[in-house]
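Bear in mind these aren't lab numbers, they're just calculated from the coordinates by the rules spelled out. Since the model is a prediction, treat every value here as computed from it, not as a measurement. Cβ coordinates were reconstructed from backbone atoms using ideal geometry, including for glycine residues, and neighbour counts include every protein chain displayed.
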Amino acid sequence: MTLRRRRTTTALTATTTILLLATLAACQRGPLTATAVGVVLDRRTGLEWTGRDHEDALPWDAADRHCRELAVGERRAWRLPEVGELEALYDPQVDEPCGERRCHLAAIRLASPYVWSATSRGAGTRFYFDFSYGNSLSPGVTPTLVRRVLCVRETGTP
């Protein structure tokens, strides 16, 4: 290898390393940080989130059961989030793909912007949050309505 080619390769390697470190630093400055495979920590609230939604959209009862029965590594005690907890994740400065739409949510991957919450306004209704527009909706759940599922848990819970 010639001296000129070696200098170019060294310069490219140094540039790549700097860009990688800058990208990692930018990711760490945000409130959401990957803490384990499949788990994201919200440093503002101390809540841990599943790093992506369930592979299928589910009706509310199945979504609730999925979270209550979920184990990610040693982490248990998952639950459906309250609508306010989902609202706290919404970030209009972020623009990520989620299925055929765009979502305003960093570090957590969604296949669709519509995510169930545990919040209810009465029998037969459940709120879900829309990560495209940042609003929550509460239609009746019958006939069977399906939405995406994110689960959340308190940090330090067994």
For the stretch 83-100, Karplus couplings with θ = phi - 60° (6.51, -1.76, 1.60), whole Hz, Gly/Pro x: 4, x, 5, 5, 4, 5, 7, 5, 9, x, 7, 9, 9, 10, x, 8, x, 8
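Arranged from highest to lowest average of other beta-carbon atoms within 10 Å per residue, in what order do the peptides 101-110, 54-63 appear?
Values: 101-110: 19.1, 54-63: 17.4.
Going by the mean number of other Cβ atoms within 10 Å, highest first, we get 101-110, 54-63.
Taking neighbour Cβ counts within 10 Å as the exposure measure, how do TYR133, TYR90 sort from fewest upward?
Working: TYR133 14, TYR90 18.
With the sparsest Cβ surroundings first, the list reads TYR133, TYR90.
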Summed side-chain charge close to SER120 - residues other than SER120 whose Cβ falls under 13 Å, Lys, Arg +1, Asp, Glu -1: -1
Cα centroid separation, the stretch 114-158 to the stretch 91-108 (Å): 17 Å
Derived scalar couplings ³J(HN,Hα) [the stretch 127-136; Karplus, 6.51 cos²θ - 1.76 cosθ + 1.60; whole Hz; x for Gly, Pro]: 7, 10, 10, 9, 7, 7, 10, x, 10, 10
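Rank the residues LEU89, LEU145, LEU80 as a footprinting-exposure proxy: fewest other Cβ atoms within 10 Å of their Cβ go first. Mind showing how you got there, number by number?
Details: LEU89 27, LEU145 16, LEU80 24.
Ranked by crowding around the Cβ, least crowded first: LEU145, LEU80, LEU89.
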Distance in nm between pseudo-label sites at THR125 and ARG109 (7 Å out along the Cβ direction from Cα): 3.5 nm
